[in-house]
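Each remark here refers to the structure printed beneath this line.
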Amino acid sequence: MNIEVTKNGDMAQVVLTGSLDTVAATQAMEQFQNIVHGEVTNVTIDCTGVDYIASSGLRLLLMVRKACKAAGGETTLTGVQTNVMEVLTITHFDKLFNII
């Protein structure tokens, strides 16, 4: 899993590449905590390069959403691939996030 972060004021653009499995989600958790516990309130996660998401990846997304919402912001997912979208739909995460 590769993570690229670009911050601009209260917004952050995060580009994920690879599988968001248990190992990757654990490694990404610290980076996301640093993002959402600063001045960032709105996070856009580019999932174009994500080919797989495990339950730990879903938990990571939920943590980001919760932190953004508590700060008055939101989390947006972009470029979600079909197989990842199926997981988001089955788990009803598609109702929790703004997906474009």
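Residue count for segment 63-86 under the criterion of being of a type in the set (A, V, I, L, M) and assigned to a helix (DSSP H, G or I): the result is 6. Filtered by the rule that a residue be out of contact with any Ser or Thr (no Cβ under 9 Å at 6 or more places or on another chain) and either open to solvent by 70 Å² or more (accessible area, probe 1.4 Å) or without any contact (Cβ under 8 Å) to a residue 12 or more places away in the chain (or both), segment 71-87 gives Thr82, Asn83, Glu86.
Select from segment 1-47 the residues that are in contact (Cβ under 8 Å) with a residue 40 or more places away in the chain and surrounded by 12 or more Cβ atoms within 10 Å (Cβ to Cβ) and list them in ascending order.
Scanning segment 1-47 gives Asp10, Leu20.
Scanning segment 89-100 for residues that are free of Cβ contacts under 8 Å to residues at least 24 places away in the same chain and not β-branched (Val, Ile, Thr) gives His92, Asp94, Lys95. Residues in segment 35-62 that are more than 19 Å from Gly18 (Cβ to Cβ) and assigned to a helix (DSSP H, G or I): Val36, Leu62.
A count restricted to segment 3-16 and to residues that are under 13 Å from the mean Cα position of the chain (by Cα) and more than 15 Å from Thr76 (Cα to Cα) stands at 2.
The values are calculated or read from the model by the stated rules, or taken from the named source; none is laboratory data. Keep in mind that what you see is a predicted model, and the values were worked out from it rather than measured. Counting neighbours? That spans all protein chains shown, and the Cβs are built from the backbone with ideal geometry, glycine included. All accessible areas refer to the heavy atoms of the entire protein, side chains included, with ligands and DNA or RNA removed. Shrake-Rupley method; radii C 1.70, N 1.55, O 1.52, S 1.80 Å.
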